[in-house]
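The values are calculated or read from the model by the stated rules, or taken from the named source; none is laboratory data. As the structure is a prediction and not an experimental result, all values here were calculated from the model. Methodologically, a virtual Cβ is constructed for each residue, glycine included, from the backbone with ideal geometry; neighbour enumeration extends over all protein chains shown. Side chains are part of the model used for accessible areas, which takes the heavy atoms of the whole protein and leaves out ligands, DNA and RNA. Shrake-Rupley method; radii C 1.70, N 1.55, O 1.52, S 1.80 Å.
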Amino acid sequence: MDPGAAFLVVTAERGLGQAIAEALRAKGLAAAVVGPAALPDGPRLEAFRAAIVDSRAGEETLRRVARAVAHVVLAGARQGFEDALRALRAGARDYLPFDFRPEELDAATARAMERTGAAAPVLELQDPAGEVLRVRLDGPSLTIGRDPSNDLRLDAAVVSRFHARILRRGDGFVVVDNASHHGTYVDEARVTEAPLEDGARVRLGTLEAPVLTFRAAPGPAAPTLAERAAEPPPGPGQEIRDIAGLVDTFLKLNGDLLLEDVLGIVVARSIELAGADRGMILLADGDRDRGGGGDRGGSLRGRGSPGGGSPGAGGASPGGAPGTGEPAALRLAMARGRGGEPLEGEGLLISRKIPEEVLRTGTGVIREDLLAPEAGEHPATIQLGVRSVLCVPLRVRPAGPGPREPQVLGVLYVDSSSRARPFPRRHLHALESLAAEAAHAIFSSRLYEECLAARELDAEMRIARDIQRHILPAGAYANPWVELHGSYQSAKEVGGDLLDYYPFGEERVTVVVGDVSGKGASAAIFASMLDGLCYGLAARAGQGQDLGAAAADLNRYLVTKSGLQKFATLVFATLWADGRLAYLNAGHDRPLIVRAGGPLEILSSGGTIMGMLEEATYRPGEARLEPGDLLVVFSDGLTDARAPSGERFGAGRLLEAAAAHRGRSARETHDGILAAVSRFGAGVPAADDVTLLVVRKLR
């Protein structure tokens, strides 16, 4: 074994090990191949920069490598989502298919080198508030445009939907224009393709267009767009991004969710994973469909649409309704567009041929391009403007003694009208994994709703309400140098948000706002536990304990409670009487400082969500509040509030509402922001918990 090798390849399959090692050596990287039984110990293992571990080597081998090597890539099957889910917990940070393509290994290698010290180039963009945003170029390509499916979305009228690409060429990068309407410019010269040198300015469109600056060596601390958004950074490859999304969804689905909550989560995540324009869940109601099986367009109306009925409670075995030879009828249960808006009218029109085929056979179907000859005859679907379709069964095997036939409860359906961006094959595997978990959640949610309907007052809900009532502090607090005002509005009987503050004498006050996954009693109990842990964290931080280390300890403790299937985002901030502010953001929406005499400031320092990754680290931030300055902390239920049109309230409107109350009291600012949300929503019920806390420095 070469002691100077940069990469360690751990596999018992000689052919796989040789293929990876030869590909790495062709890139000028030294590689050593060992079997799991010959894994080196101690310093010899720690000397490697990165490792690629065969999923068949087992979790214990993966954990052992991950403890010693900074960056671990799991090698597995292309559709090996179960392997990848376990690997995320065990310490893997990337995913490489066994049958990898050269560009996939190039991208994984680049990410490994960047994570272990070789800084990746970045694109810099200055937003209207003057803040510099940075996105790392750590893959083989990056797409830019107005369409949300791009890697970098620029929401400007002069930017085309798919405007340009940044491609890795050898040791450098080039920008390629995608025949955009307004053109792409490098240092004010219009180009169709041009190399990028350090400091090159790339303008997408006319003189008012956004300008991106290419930095060849930005240094290791350049934050990504995901870090700026205070969300958990997505996994580095598309496979790992899909997997991370599935982890998020699975954890939410394992909570105490009502049926409509489950359907909404599944449809939203399906649209996101597939990059689709629409998503729907069609449930089998057990009634026989006498309309035939041709490719007919039809408006299936259901929950949230005019004239809709609720989905039926019956399930269907593959092949038809129970006890019949004919296919079960499908009824629309949930339909959403790309932006999360409910679909109505013509937006609900689909062809039933593909969903009925999936219900009948119990097998997922992908039609990458309905205009292709091999796609078969779908005239009605094409007439509706649909070009790509992906549909998978919602299959569940009920628990109980003895063998039980699986039931197909319905289908999960997404489609796209874009000819240029058909669904790739891997999206079928991603949605099949999601649908399998969703079917169990739907089945459980139906039983749960039946239980709720059978009781006048459910004992679990009563306990949860009591827990939340005792967690919440008084709505206001003040001392000679600070005042605060906060509130928590649950969208359901009980919710998963956390709001609290802890005064420590008259010298410092700590505030906490969090969001626990799921709803119901389990979320309330978890929030209660988290509240007590945060009080201990506040006491430690006030005694000089490093806030980042204390937060990492808290996260590791929550990971040990993985059986709860819960995680949480959190903002933790301590304010001293002299104006010093120490804070930490664990994957939560970023809080704001509204200066009495200056611009708004966004607080981003922290790390990923708590309770998922044992080795997560947290970077605390510092700021200062002067007399009259306001600190605004909130949950995503506020910015996700919807207007009747389906439009989100969003961060921009929140910034405007907060700035409009510059110089006001904490209560006036708090009430003014909620009033703006209420006017915007115009009576639309809240879909998520809304938590808001405003802190004002008095002197």
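Give me the percent relative contact order of segment 577-684, please, defined on Cα pairs under 8 angstrom at least 6 residues apart.
Reported as a whole number, the value is 25 percent.
Regarding segment 616-699, what's the average projected area of the Cα-atom convex hull, expressed in nm²?
Details: hull surface 27.3 nm².
For segment 616-699, the mean projected area of the Cα convex hull comes to 6.8 nm².
Express the relative contact order of segment 547-616 as a whole percentage, based on alpha carbon pairs under 8 Å and six or more residues apart in sequence.
Across segment 547-616, relative contact order equals 40 percent.
Over segment 550-680, one equal point on each Cα, no solvent: what is log10 I(q)/I(0) by the Debye formula at q = 0.09, 0.13, 0.14, 0.18 Å⁻¹?
The computed values of log10 I(q)/I(0) come out as -0.32, -0.63, -0.72, -1.01.
Considering only protein heavy atoms, with the full assembly of protein chains and a 1.4 angstrom probe, order K27, K566 by accessible area, largest first.
The most accessible residue leads, giving K27, K566.
Starting from the amide H of D497, placed 1.01 Å from N in the peptide plane, find each other amide H under 5 Å away whose residue is 5 or more places distant or on another chain.
V516
Provide the FRET efficiency to the nearest 0.05 for the H181-N479 pair, computing r from the beta carbons and using R0 = 51 Å.
0.30
Around S635, which amide H atoms from residues at least 5 apart in sequence, or from another chain, sit under 5 Å from its own amide H, with H modelled in the peptide plane?
The list, which skips near neighbours in sequence, is T691.
What order, most packed first, do the peptides 473-486, 61-74 have when packing is the mean number of other Cβ atoms within 10 Å of each residue?
Highest mean packing first, the order is 61-74, 473-486.
With a sphere of radius 12 Å drawn around the Cβ of V176, what net charge do the other residues whose Cβ falls strictly inside it have (Lys, Arg +1; Asp, Glu -1)?
My count for the surroundings of V176 gives +1.
In the neighborhood of A194, defined by Cβ-to-Cβ distances under 10 Å, what is the net charge if each Lys or Arg adds +1 and each Asp or Glu adds -1?
-3
Convert each backbone phi in segment 266-281 into a coupling constant with the Karplus relation 6.51 cos²θ - 1.76 cosθ + 1.60 (shift: θ = phi - 60°), then list the ³J(HN,Hα) values in order as whole Hz, x for Gly and Pro.
5, 5, 4, 5, 5, 4, 5, 4, 8, x, 8, 8, 9, x, 9, 10
Using every Cα-Cα pair within segment 1-80, state what percent have a distance larger than 15 Å.
50
Taking the Cα-to-Cβ direction at A682 and at S645 and moving 7 Å from each Cα, how far apart do the two end points lie in nm?
Going from the A682 label point to the S645 one covers 0.9 nm.
Give the ranking of I525, I271 by solvent-accessible surface, highest area first, calculated with a 1.4 Å probe.
Details: I525 95, I271 10 Å².
Sorted descending by solvent-accessible area, the residues read I525, I271.
Quick check: pseudo-label points 7 Å beyond the Cα along Cα→Cβ at V211 and L533, how many nm apart are they?
Label-label distance for V211 and L533, simple model: 4.7 nm.
Which value, in Å², gives the accessible area per residue of segment 565-699 when a 1.4 Å probe is used on the protein heavy atoms?
With all protein chains present, segment 565-699 gives 39 Å² per residue.
Quote the FRET efficiency, to the nearest 0.05, computed for D546 versus I602 with a Förster distance R0 of 22 Å and r equal to the Cβ-Cβ distance.
It comes out at approximately 0.40.
Using only protein heavy atoms and a 1.4 Å probe, report how much of M529 is accessible, in Å² to the nearest 10.
Accessible area, nearest 10 Å²: 60 Å².
Based on alpha-carbon atoms only, what is the radius of gyration of segment 591-654 relative to the globular estimate 2.2 N^0.38 Å?
1.44
Mind ranking 357-367, 631-641, 196-206 by how tightly packed they are, going by the mean number of other C-beta atoms within 10 angstrom, highest first?
631-641, 357-367, 196-206
Provide R699, R168 ordered by accessible surface of protein heavy atoms (probe 1.4 Å), highest first.
R699, R168
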